[in-house]
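Enquirer: I am attaching a structure below and will ask some questions about it afterwards.
The values are calculated or read from the model by the stated rules, or taken from the named source; none is laboratory data. Just so it is clear, the model here is predicted, and its values are computed rather than measured. Cβ coordinates were reconstructed from backbone atoms using ideal geometry, including for glycine residues, and neighbour counts include every protein chain displayed.
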Amino acid sequence: MITKPKGTIDILPADSGKWHFIENTARETARLYNLREIRTPNFEHTELFLRGVGETTDIVNKEMYTFTDKGGRSVTLKPEGTAGVARAYVENGLANEPKPLKMYYITPVYRYERPQAGRLREHRQFGVEIYGAANPSIDAETIMIARDTLKRLGIESAALNINSVGCPDCRKAYHETLRAYLKERLPQMCPTCNERFEKNPLRILDCKSPGCAGITANAPHITDYLCEPCKGHFDGVKKILDIYGVQYKVNPYIVRGLDYYNRTVFEFVADSERAQGTICGGGRYDRLVGDVGGSPEPAVGFGMGIERLINIMEAEGLLFDTAAKIDAYLVRADDSAAETIYKMAAEFRAQERNIEFDHLNRSVKAQFKAADKLGAEYAVVVGADELRSGAAKVKNLKTGKETAVPIQEACDYVCGSFMDDFLKEEYDEEEYAEMDDKQKIVYGKIKRTEKILEKVREAYRNIYFRKNKDK
Ligand SMILES: [Zn+2]
Ligand SMILES: [Zn+2]
């Protein structure tokens with residue numbers, strides 16, 4: 001048996017609804033903020049990531065999937081989404097588009113990580129990139145996009161941590177202060193921190209090893225060393241978050257693992273009994289576009305791992321019900337009904353209803369069993385008897401109620417019942433009782449238009465999502 005490579009997963013039909021739900025929620029949130037999707041290649045010239053991600057980062061040093069192609073070029077499977085977007089921005093002259101240019105992506109990313117629980121070598125990310133605006137309002141907006149996405153997914157427990165890592169000017173002064181503090185303590189710190197001491201001391205604050213964390217707990221905070229413009233920017237971000245009514249904590253230990261950040265950095269962290277760890281990370285990176293060969297352009301963004309979101313949601317009891325669900329199953333009582341079933345199937349599908357019928361010559365009993373497994377709401381039965389009488393048997397599989405309906409009208413009848421259920425849900429009893437058939441159609445259309453996004457989304461996704469309060 002050929003197996004999948006280590007660190008990869010198969011997303012099977014029974015589970016893909018979870019990914020759809022998150023991807024659709026991400027797209028829906030992105031739409032509200034006027035973001036548009038950008039898709040860049042899954043591999044790029046290796047040089048892009050050396051310049052765009054930073055040669056001192058773990059990603060570039062240890063974790064990239066780099067290989068030489070048949071033309072002798074070094075290429076790399078994208079380890080993150082940001083550098084490719086910056087490259088595409090420069091290469092396609094997107095600097096000429098109206099600003100800010102607000103983009104998002106949903107993409108697989110590849111990292112050669114040691115296989116361990118929860119670490120995938122290929123996972124998927126939702127990311128946001130906003131170019132061309134330096135105002136703190138766009139930092140705050142980026143944070144809100146992440147916050148709203150999490151909220152719409154039901155993840156309300158995620159805590160927002162923010163920090164400012166300053167600009168090259170103020171960071172220089174801070175680096176000196178930090179180095180002076182760390183210098184005599186270095187022998188007690190881990191080899192990675194020792195390596196970082198010269199090139200990137202800020203990242204020492206990120207070290208999770210208990211010995212190092214104990215030492216850095218008393219280190220000077222960068223927020224005390226910001227230059228006036230950086231301080232003003234950070235104050236601006238906090239003020240706008242206050243206006244939005246968002247809770248946050250200024251956490252001087254958030255520095256993010258990538259070299260390109262300046263000023264605002266942020267993380268959403270799950271911190272409940274059931275789930276822990278970073279869900280989303282992002283910040284500002286005004287240098288990046290310049291680093292990959294464009295004219296400097298302010299930029300801010302974030303990334304969140306989709307599989308990580310799924311783990312958190314499952315741990316938090318935000319259950320997915322991805323069970324199959326169809327509107328109707330057309331039961332062929334015998335072969336004489338075959339033609340009628342095909343025609344009826346086409347009619348249902350033209351009415352936007354998802355239906356199924358038998359392709360395996362199963363008995364009527366087995367067809368009902370299949371309908372049940374598929375979660376069908378109705379069964380429509382046609383056979384020689386029904387053809388003779390001209391009436392199909394329509395059975396509501398939830399209530400068990402059976403009705404004889406002229407074959408020609410069976411589709412309209414079932415679709416009408418769905419509309420009726422919909423109206424009963426939308427209007428109160430009195431309003432509903434007063435409607436005549438014509439009004440029902442008109443009111444139904446109005447309500448349908450009002451609810452079209454929500455309902456269409458639900459119908460197409462065929463997935464129901466609820467918070468399990470009993471857990
Ligand atoms: Zn500064
Ligand atoms: Zn360390």
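Enquirer: Based on what the data block shows, is GLU184 more than 17 Å from VAL255 (Cα to Cα), away from ligand 2 (no atom under 15 Å from the Cβ) and surrounded by fewer than 17 Cβ atoms within 10 Å (Cβ to Cβ)?
Expert: Working: more than 17 Å from VAL255 (Cα to Cα): yes; away from ligand 2 (no atom under 15 Å from the Cβ): yes; surrounded by fewer than 17 Cβ atoms within 10 Å (Cβ to Cβ): yes.
Yes, satisfied.
Enquirer: So ASP235 clears everything in (1) away from ligand 1 (no atom under 16 Å from the Cβ); (2) in the same structural domain as ILE162 (by TED's automatic domain parsing); (3) among the charged types (D, E, K, R) except one condition, right? Which one?
Expert: (1)
Enquirer: Here is a check on your reading of the model: is VAL255 part of a loop (DSSP other than H, G, I, E, B), under 23 Å from ILE130 (Cα atoms) and within 16 Å of ligand 1 (Cβ to nearest atom)? I'd like the intermediate steps shown before the answer.
Expert: Details: part of a loop (DSSP other than H, G, I, E, B): yes; under 23 Å from ILE130 (Cα atoms): yes; within 16 Å of ligand 1 (Cβ to nearest atom): yes.
Yes, satisfied.
Enquirer: Also, quick follow-up: Restricting attention to region 300-330, which residues are β-branched (Val, Ile, Thr) and either assigned by TED's automatic domain parsing to the domain that holds ASP358 or in a loop (DSSP other than H, G, I, E, B) (or both)? Walk me through it before giving the result.
Expert: Start the filter on region 300-330 by keeping residues that are β-branched (Val, Ile, Thr), which leaves 300, 306, 310, 312, 322, 326.
Hits for region 300-330 are THR322, ILE326.
Enquirer: The conditions are (1) closer than 23 Å to ALA159 by Cα; (2) touching a Ser or Thr at 6+ places or on another chain (Cβ under 6 Å); (3) more than 16 Å from ligand 2 (Cβ to nearest atom), and LEU205 fails exactly one of them. Which is it?
Expert: Exception for LEU205: condition (3).
Enquirer: With the checklist (1) within 18 Å of GLY294 (Cβ to Cβ); (2) assigned to a loop (DSSP other than H, G, I, E, B); (3) of a type in the set (Phe, Trp, Tyr) in hand, flag the one item TYR89 doesn't pass.
Expert: (2)
Enquirer: Ok, one more. With (1) touching a helix residue (DSSP H, G or I) at 6+ places or on another chain (Cβ under 8 Å); (2) surrounded by 14 or more Cβ atoms within 10 Å (Cβ to Cβ); (3) over 25 Å from MET419 (Cα atoms) as the list, and ALA384 as the residue in question, which single condition is left unmet?
Expert: All conditions pass for ALA384, except number (2).
Enquirer: Could you check region 1-58 and list, in sequence order, the residues that are of a type in the set (Val, Ile, Thr), surrounded by 12 or more Cβ atoms within 10 Å (Cβ to Cβ) and outside the structural domain of VAL255 (by TED's automatic domain parsing)? I'd like the intermediate steps shown before the answer.
Expert: Our first condition is that a residue be of a type in the set (Val, Ile, Thr); within region 1-58, this holds for 2-3, 8-9, 11, 22, 25, 29, 38, 40, 46, 53, 56-57.
Subset that is surrounded by 12 or more Cβ atoms within 10 Å (Cβ to Cβ): 8-9, 11, 22, 25, 29, 38, 40, 46, 53, 56-57.
Residues satisfying the conditions are THR8, ILE9, ILE11.
Enquirer: Quick check on my filter: what residues within region 150-181 are within 29 Å of ARG27 (Cβ to Cβ), in a helix (DSSP H, G or I) and either within 16 Å of ligand 2 (Cβ to nearest atom) or touching a residue at least 40 places away in the same chain (Cβ under 8 Å) (or both)?
Expert: Listed by number, the residues that qualify are LEU150, ARG152.
Enquirer: Test of understanding: among THR66, THR25, THR40, THR29, which residue is assigned to a loop (DSSP other than H, G, I, E, B), farther than 19 Å from TYR261 by Cβ, among the polar types (S, T, N, Q) and in contact (Cβ under 8 Å) with a residue 12 or more places away in the chain? If you could, list the steps in order and put the result at the bottom.
Expert: Values: THR66 fails: assigned to a loop (DSSP other than H, G, I, E, B); THR25 fails: assigned to a loop (DSSP other than H, G, I, E, B); THR29 fails: assigned to a loop (DSSP other than H, G, I, E, B).
Just a single option satisfies the conditions, and that option is THR40.
Enquirer: Additional query: Only one of these conditions is not met by PHE234: (1) crowded, with 19+ Cβ neighbours inside 10 Å; (2) within 27 Å of HIS123 (Cα to Cα). Which number is it?
Expert: (2)
Enquirer: Quick one: which of ARG203, ARG179 is more than 16 Å from ligand 1 (Cβ to nearest atom), within 21 Å of TYR285 (Cβ to Cβ) and among the charged types (D, E, K, R)?
Expert: On the way: ARG179 fails: within 21 Å of TYR285 (Cβ to Cβ).
When all the criteria are applied, what remains is ARG203.
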